[in-house]
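Have a look at the structure below, then the notes.
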Amino acid sequence: MNGRNASSLARTSKASCSSSSSRRRRRTTRTNVRCKAKDYPKPNLDVTSNENYQRAKQLSGKLSKNYSGKNKEKSVIVIGGGLAGLSTGKYLTDLGYSVKVVERLKILGGKVSAWQDKDGDWIETGLHIFFGAYPNMMNLFKELNIEDRLQWKKHTMCFAMQDYPGEFTEFWFPENVPAPFNMAAAILQNDKMLSWEEKIKTGVPLLPMLIGGQEYIDAQDELSVSEWMKKNGMPERVSEELFIAMGKALDFIDSDKLSMTVILTAMNRFINETDGSKTAFLDGNQPDRLCKPMKEYIEGNNENGTKGEVIVGMPLREIMIDEASNEVIGVRVGEGDEIMTADMYVSAMSVDALKLYLPTAWKTMPFFKQLDELSGVPVINVHLWFDRKLRPYDGLVFSRSTLLSVYADMSECCKEYENKEKTMLELVFAPCDAQSGAEVNWIKKSDEEIVAATMLELERLFPDEIKNANLLKSAVVKTPRSVYRAIPGRNKFRPSQSTPIRNFTLAGDFTSQKYLGSMEGAILSGKLASEVVDDRLNSSRETFSIPPKEVHESVLLRST
Ligand SMILES: Cc1cc2nc3c(=O)[nH]c(=O)nc-3n(C[C@H](O)[C@H](O)[C@H](O)COP(=O)(O)OP(=O)(O)OC[C@H]3O[C@@H](n4cnc5c(N)ncnc54)[C@H](O)[C@@H]3O)c2cc1C
């Protein structure tokens with residue numbers, strides 16, 4: 001880089017972008033991956049033409065109205081080809097239904113989607129980590145016979161030391177020691193982050209969680225992390241050392257804005273399950289290594305010979321309903337006026353997208369009205385390619401810097417991205433807006449500004465290496481609305497998969513399930529949605545009702 005190194009590039013990034021220095025430009029090809037892929041198309045708000053409405057009625061009239069009998073003869077349309085939509089399709093396929101999954105974009109995966117740049121390098125929507133505490137995800141890998149694609153890492157949690165640039169500390173979970181003792185040992189053996197007194201003051205307030213379980217955890221949803229800590233006399237340093245990092249990793253929000261339920265839910269899993277906090281990376285890009293086998297399964301690569309279809313580049317335009325019954329009579333999709341009909345419809349879109357397409361008559365129903373209380377939180381995924389190795393580490397690191405959440409050297413962690421000579425860092429940049437705790441509205445900033453700010457943070461993480469390293473290229477992916485914003489009091493607004501509309505079901509990580517907004521939550525929501533569809537298609541019209549909470553809970557238990 002003509003004597004200029006990566007850190008000086010960072011400091012002068014804005015200038016360097018407009019500079020005419022040809023050499024510098026040659027060495028720093030910036031890949032401009034913009035957030036367009038994640039923006040939602042404007043819904044077509046024109047009222048369905050009478051002709052379309054009649055066509056949909058005619059088509060839906062031809063469907064069997066006999067809601068019991070052979071599953072094979074019944075059809076389901078799933079809208080959205082993220083993990084929740086593909087999971088719904090997969091589990092409905094297992095039940096023998098003929099499924100069509102329609103995805104707006106040309107690639108599957110939604111928040112786990114990825115694509116290649118002109119050099120063939122993969123650009124990912126997000127750095128994704130799988131946890132041992134993801135039972136539904138693990139079952140799915142088993143069922144698809146792709147378990148060998150998970151690259152499990154050593155059982156440790158690695159944190160950058162805030163006050164000691166370049167230093168890291170790890171919490172080692174000893175092997176062959178069952179939960180909760182392995183976590184106790186990991187915490188007790190680490191003397192870098194918390195003093196003995198702080199450890200005791202942290203452990204005692206967490207006892208009610210161990211005794212009260214999920215019920216206690218759910219009851220803490222009205223409190224932010226800071227409020228809960230104050231109430232329980234926890235030292236503030238625990239937040240600085242631990243909870244800020246956890247909050248940013250789990251929901252891209254600072255801990256004074258985040259619901260305490262989020263932290264407790266994760267901690268409860270990690271404490272109670274021996275391998276709960278063990279992490280794995282997928283061995284390559286998510287669309288090929290995870291979404292593709294799910295698509296192939298739905299399309300016939302399954303044991304019961306059921307053949308469905310997964311169609312990409314097919315956006316939903318309108319949910320068409322019968323004015324009298326409020327039930328769905330068809331969906332208008334694609335670029336033209338194509339109408340698709342089925343016995344059942346499942347929305348597996350994110351909550352923000354779903355709200356755009358709700359028919360006017362549904363919007364005032366309390367069930368759908370509660371969705372107004374939910375919306376996605378912004379997050380940015382930064383990719384940096386260096387001309388040499390920064391200090392290699394094969395696993396996830398909590399960066400604990402103001403701007404960054406977690407990061408990983410993908411050239412070490414992921415087989416497909418392996419490179420013995422050069423580092424490729426993938427970093428989650430959060431929080432990104434004031435509502436999440438950021439001082440700067442990063443989601444609105446240019447890619448150059450985001451990369452420059454990231455490079456400055458890296459000077460603290462790699463003070464020795466960064467001086468000599470040259471940044472070859474970068475890519476920034478902004479997701480303005482990612483997982484639902486888990487601020488206090490949101491849980492009660494998360495809808496069940498069953499809706500008051502008989503032939504319309506919900507899936508998606510924001511729906512009610514116990515795994516927060518995560519890949520595991522998305523997979524479980526799809527499983528639950530398939531059970532709702534099956535129950536509804538196999539019970540008569542007259543007996544239909546939204547299951548009470550206890551039934552919902554028991555379905556949930558059946559699924560995990
Ligand atoms: C940066 C980042 C890092 C993350 N890290 C982790 C992690 O480490 N571990 C973890 O467990 N989770 C992680 N997550 C969360 C995880 O990615 C999500 O919880 C999960 O993928 C959500 O899946 P979903 O199917 O519910 O929603 P989505 O992935 O949002 O899927 C919804 C789909 O609906 C489609 N759609 C929208 N509108 C229409 C329309 N009109 N017609 C048809 N289709 C439409 C969308 O294109 C999309 O494909 C991360 C997320 C991000 C953004």
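The values are calculated or read from the model by the stated rules, or taken from the named source; none is laboratory data. Given the structure is predicted, the values throughout are model-derived calculations rather than measurements. Note that we place each Cβ from the backbone using ideal geometry, even for glycine, and neighbour counts take in every protein chain shown.
Miscellaneous remarks
- Which listed residue is more than 15 Å from the ligand (Cβ to nearest atom) and either touching a strand residue (DSSP E or B) at 6+ places or on another chain (Cβ under 7 Å) or in a helix (DSSP H, G or I) (or both), from Ile329, Ile339, Ile319: Ile329
- Condition met for Leu537 (at pLDDT below 95, surrounded by 15 or more Cβ atoms within 10 Å (Cβ to Cβ) and within 13 Å of the ligand (Cβ to nearest atom)): no
- Criterion (at pLDDT below 95, of a type outside the set (Gly, Ala, Ser), touching a helix residue (DSSP H, G or I) at 6+ places or on another chain (Cβ under 9 Å) and within 16 Å of the ligand (Cβ to nearest atom)) met by exactly one of Lys514, Lys478: Lys514
- Note on the stretch 456-491: among residues that are in contact with a strand residue (DSSP E or B) (Cβ under 7 Å, 6 or more places away or on another chain) and part of a helix (DSSP H, G or I), the one that is surrounded by the fewest Cβ atoms within 10 Å (Cβ to Cβ) is Glu457.
- Filtering the stretch 71-109 to residues that are surrounded by 24 or more Cβ atoms within 10 Å (Cβ to Cβ) and over 16 Å from Val346 (Cα atoms) leaves Leu108, Gly109.
- Odd one out for Lys355, checked against (1) touching a Phe, Trp or Tyr at 6+ places or on another chain (Cβ under 9 Å); (2) more than 30 Å from Ile123 (Cα to Cα): (2)
- Residue satisfying condition, being within 10 Å of the ligand (Cβ to nearest atom), farther than 23 Å from Ile339 by Cα, modelled with pLDDT of 95 or more and not assigned by TED's automatic domain parsing to the domain that holds Val351, within set Glu124, Glu143: Glu124
- Residue in the stretch 170-179 that is within 24 Å of Met260 (Cβ to Cβ) and in a strand (DSSP E or B) present: yes
- Strands (runs of 3 or more DSSP E) within the stretch 79-155 that include 3 or more residues within 30 Å of Asp275 (Cα to Cα) and under 19 Å from the mean Cα position of the chain (by Cα): 122-124
- Selected residue [in contact with a His (Cβ under 9 Å, 6 or more places away or on another chain) and either away from the ligand (no atom under 16 Å from the Cβ) or in contact (Cβ under 8 Å) with a residue 60 or more places away in the chain (or both)] from Phe131, Phe173, Phe159: Phe173
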